[in-house]
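No lab work stands behind these numbers, since they all come straight from the coordinates. Given the structure is predicted, the values throughout are model-derived calculations rather than measurements. Don't worry about glycine lacking a Cβ; one is built from the backbone with ideal geometry, like all the others, and counts go over all protein chains shown.
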Amino acid sequence: MNDTTHTKTTAEWAKAKLIRETHGITAPQLRRYAEDGLIRTSNIRRPGQTRGIRLFNVADIESLIAASVENHAGPRKLQRSLSGI
């Protein structure tokens, strides 16, 4: 038998469509997060072009999700985690 190992690579930057598929966050919501300064975004385009490819930083999105989970842990869970400090 041939045992192959598949490694999952994670992109540092991704289009809104991929982020929608992997994280469930829509393009309008991504733009709002970017406008609020919560995530980084980049518009790749050639000189002279008005349109380009909008990319979003995946690490920023995952940090935002993690922070949201931590902030909504609830008082009992938060109290238990703080008592262990």
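For the reader, a short list of remarks on this structure follows.
- Net charge over other residues, Cβ less than 12 angstrom from the Cβ of Gln29 (K, R count +1; D, E count -1): +1
- Gain upon complete extension [Lys17, Ser42; 0.36 nm per residue less C-alpha separation]: 7.5 nm
- Separation of the Asp60 and Thr10 label points, Cα + 7 Å toward Cβ, nm: 1.7
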